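Just below is one structure, and these are the notes that go with it.
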Amino acid sequence: QTGGFEAEYGRATGGVVNLITKSGGNAFSGTFDMRYRNTSFNENGDHFDKNDQTVSFNKPAATFGGPIVRDKVWFFLGYEQLANKTTPAGSPTTSDQVGQNWLAKITWQPNTNWRLVAKTTGNPTHVDNADASPFNQPEATGHSRGDANVNQVEVSATLTPSLLWNLQLGKNRDNVDYYPQSGDLTTIGHLDLATQIRSVNYFNAQYSTRDRDAVRTSFTYLVDHFGGSHEFKAGLEYDQTKFDFHSFLPGGYVYGDRAGQPYVLLYATDSGTQNYKGKIWGGYLQDAWHPVSNLTLKLGVRLDTATYDSAAGAQIADLNLVQPRIGAAWDVTGEGKTVARASFGRFMHPASLTLPLQTLGSVGSLGQFISCTSFFGSRAFCEGYAGSIGTIVIDDPSGFYPGEGWMLTKPYAPTSAQFDPGLKATYADVWVIGIEHEVLRRTSIGLQYVHKDTKDIIENTCNGNWPGPPSEGAPCAYLITANLPGLERNYQGWMLQVESRATDWLHILASYTYSTSKGNVEYTQYNGTDFDVYPYNYQNRYGYLSDHRQNRLKINGYAQLPYEFTVGLSAYFESAFRWTPLKSDPTLANGDIFLEPRGSRSGYSDPQVDLQLSKRFHVGDVRLELIASILNVLSSENPTSVCQYESGCGAFTMGQPVAWQQPRHYEAGFRIEF
């Protein structure tokens, strides 16, 4: 559900996905599915050479389910392996992902009124050279490793013909680690500030566990003959979160070079593993009211609260937000052929749940030394100047630049140990209005307008800029997190959608969206570098955001042909992305300088068409389906990103493409069902 979802759904501003996993039945059944492609399945292109760029994809998957006790207890099992290798154009390394997805589920229905479901899932995955790109040398790539395990129990009951009850208990254990591919945690990494190329070693290591325990319960009460019919629903939710995080720089430093010469030396202390806890409460009331047969009104209100404690045990935030929701659907003709809809909702932003990240004493804020050679010409002069202003000069920490001295210019400070005590939750107000009409048998056309404003955006800034106004040269001993005034993210779009099941053998879903996404802060997750140091991180911040595409066209569908052939289509077109010319200034150590307003430059459009052909065979009760896919039928190689830095990106100058679509490639597979 998107845009105007009801009060029972919280902590999301754009959409929610509600899914039910498969269950076993009274007959044993299962599937085996295999999809495969490798480099030989690719065609060469202007930016892809299959002799140099390894690409492969291998995904076997199986399911099996059936009865434990007929008509009472059933089981279902699912397992999938994933092996995926990708080599970006110009990259000296190949990203190699190996993972698994698994599910085990038991369903028990003692009678027609009660049902209990228990399930567990996991997805252990690791990726070698996870950040493979032309800007990362082989010794400077990172390794990613993670595993999310979710256990859930759900009870559903029909207590009376008019009263339904639901209870959910869940436990999520999520581990995410990212560290140098080499495993070397002592060698200092290098970043060439002129070319953006990383070398020598990957310069960050992160180890984290992200645990969540959750309880949800709701009651639904159906009422007739009370000013029409009603579906009242009330629910309560409680989540307890725990976040353990350890982040540090291998060797304690990062060299910022310029064309192979020393320039700056960034450093951060290792504060060890930090532990953060949070409690999230939610509750809602809503009513789906039918005052007359052709009108539905949805009225609701939701309250979410979130409190978080720092690693020291001090409360860092106490957020709460009342969120009204209202919607209406009107069957204009009373025949179900034309329906007009409108809704308004206030939605607490899910990024409010990431606030503990702001207390991390990690590499988000760095201490800094500058090169005596590059800035002063000699170490002797550098030491004399340092003494006159009360700072120090140290020897090169690894001896990479023999005899080099480094002068301290910015002492290390934690990322953000302070919060505005009046901190408020970020939220979005969303308006939706639309109409849908059945133009032919089982064929509809709909037009919808969406307007979304995100407010009370939380960001951090240098302590001297708060409560403001910001000023040049303001102290920056630490960052403070607050609802900075003037921050905004705005989206509006018109969406035209056509859906047709006019015949049993053909299904088409097509949509066109004309939209604008603008603002002065890219992500509402408080860990950006906008608005830290005035005026450098304040200038040119308003403009087109990264998700802005003025035109989007999507077509999906399939046709079932004679002799059990099926043809599937997936096609899309997105107009040009936007990008911003940037200047990297390492003396700031607080992000890039925007040389023009955000999103001032236009990039490239992105079209792609994929086709799939399958043929089904029957062998007794077993069904076999052979599958062949053509990905990127048009073999377009449009750029997907460009170099944004005025100093260039390695061999690329500003504005030149650095990544492209993969040209036409193929995939083979088969599926067995029994």
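Annotations for the structure displayed:
- Selection status of Trp74, under 28 Å from Thr217 (Cβ atoms) and either in a loop (DSSP other than H, G, I, E, B) or open to solvent by less than 40 Å² (accessible area, probe 1.4 Å) (or both): yes
- Any pair with Cβ under 9 angstrom, 6 or more apart, that starts in segment 238-256 at a residue that is on the phi > 0 side of the Ramachandran plot and ends at one that is assigned to a strand (DSSP E or B): Gly251/Gly189; Gly252/Tyr267
- Sole residue being buried (at least 17 other Cβ atoms within 10 Å of the Cβ), in a strand (DSSP E or B) and of a type in the set (Gly, Ala, Ser), chosen from Gly99, Gly24: Gly99
- Number of the exception - Leu423 against (1) under 30 Å from Thr513 (Cβ atoms); (2) surrounded by 17 or more Cβ atoms within 10 Å (Cβ to Cβ): (1)
- Pair list, Cβ < 9 Å and 6+ apart or interchain, from segment 60-72 residues that are free of Cβ contacts under 8 Å to residues at least 12 places away in the same chain to residues that are in a strand (DSSP E or B) and not aliphatic (A, V, I, L, M): Val69/Trp108
- For the residues Tyr666, Tyr645, the requirement of being at pLDDT 95 or above and out of contact with any Gly (no Cβ under 7 Å at 6 or more places or on another chain) singles out Tyr666.
- Exactly one residue among Leu185, Leu164, Leu222 is in contact (Cβ under 8 Å) with a residue 24 or more places away in the chain, surrounded by fewer than 16 Cβ atoms within 10 Å (Cβ to Cβ) and either touching a Ser or Thr at 6+ places or on another chain (Cβ under 7 Å) or farther than 26 Å from Thr273 by Cβ (or both), and that residue is Leu222.
- Among the residues of segment 656-674, those identified as hydrophobic (A, V, I, L, M, F, W, C), in a strand (DSSP E or B) and over 27 Å from the mean Cα position of the chain (by Cα) are Ala668, Phe670, Ile672.
- Any hit, segment 554-574, residues being out of contact with any Cys (no Cβ under 7 Å at 6 or more places or on another chain), open to solvent by less than 60 Å² (accessible area, probe 1.4 Å), at pLDDT below 95 and over 30 Å from Gly655 (Cβ atoms): no
- Looking only at segment 3-30, and only at residues there that are in contact (Cβ under 8 Å) with a residue 24 or more places away in the chain and polar (S, T, N, Q), the one that is farthest from Leu299 (Cα to Cα): Ser29
- Among the residues of segment 134-160, those that are at pLDDT 95 or above and not in a strand (DSSP E or B) comprise Gln137, Pro138, Glu139, Ala140, Thr141.
- A single member of Val567, Val633, Val642, Val622 is in contact (Cβ under 8 Å) with a residue 12 or more places away in the chain and in contact with a Pro (Cβ under 7 Å, 6 or more places away or on another chain), and it is Val642.
- Filtered residues of segment 319-333 (kept if surrounded by 17 or more Cβ atoms within 10 Å (Cβ to Cβ) and closer than 21 Å to Arg216 by Cβ): Leu319, Leu321, Gln323, Arg325
- Yes/no for Asp131 being part of a strand (DSSP E or B), over 21 Å from Arg173 (Cβ atoms) and open to solvent by less than 60 Å² (accessible area, probe 1.4 Å): no
- Within segment 355-374, one or more residues are at pLDDT 90 or above, open to solvent by less than 50 Å² (accessible area, probe 1.4 Å), more than 30 Å from Asn294 (Cα to Cα) and outside any strand (DSSP E or B).
- Any hit, segment 586-604, residues being part of a strand (DSSP E or B) and open to solvent by 60 Å² or more (accessible area, probe 1.4 Å): yes
- Within this structure, Lys22 passes the test of being among the basic types (Lys, Arg) and at pLDDT below 95.
- Verdict on Lys424 being basic (Lys, Arg), modelled with pLDDT of 95 or more and closer than 28 Å to Pro350 by Cα: no
- The residue that is nearest to the chain's Cα centre (by Cα), among those in segment 261-289 that are surrounded by 17 or more Cβ atoms within 10 Å (Cβ to Cβ) and of a type in the set (A, V, I, L, M, F, W, C), is Ile280.
- The C-beta contact set for segment 495-511 (first residue under 22 Å from Glu564 (Cβ atoms), second residue of a type in the set (Phe, Trp, Tyr), distance under 8 angstrom, 6+ apart or interchain) comprises Leu506/Tyr558; His507/Tyr558.
Residue-by-condition table, conditions (1) surrounded by fewer than 16 Cβ atoms within 10 Å (Cβ to Cβ); (2) part of a loop (DSSP other than H, G, I, E, B):
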position: Pro397; (1), (2): no, yes
position: Tyr401; (1), (2): no, yes
position: Tyr412; (1), (2): yes, yes
position: Ala428; (1), (2): no, no
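- When segment 319-343 is limited to residues that are part of a strand (DSSP E or B) and of a type in the set (D, E, K, R), the one that is farthest from the chain's Cα centre (by Cα) turns out to be Asp331.
- Filtering segment 302-318 to residues that are assigned to a strand (DSSP E or B), open to solvent by 20 Å² or more (accessible area, probe 1.4 Å), touching a Phe, Trp or Tyr at 6+ places or on another chain (Cβ under 7 Å) and of a type in the set (A, V, I, L, M, F, W, C) leaves only Ile316.
- Segment 640-650, residues that are open to solvent by less than 20 Å² (accessible area, probe 1.4 Å) and within 22 Å of the chain's Cα centre (by Cα): Val642
The values are calculated or read from the model by the stated rules, or taken from the named source; none is laboratory data. A quick note: this is a predicted structure, and the numbers were derived from the prediction, not measured. No Cβ is skipped: glycine too gets one built from the backbone with ideal geometry, and neighbour counts run over all protein chains shown. What goes into the accessible areas is simple: the full protein's heavy atoms, side chains included, and nothing from ligands, DNA or RNA. Shrake-Rupley method; radii C 1.70, N 1.55, O 1.52, S 1.80 Å.
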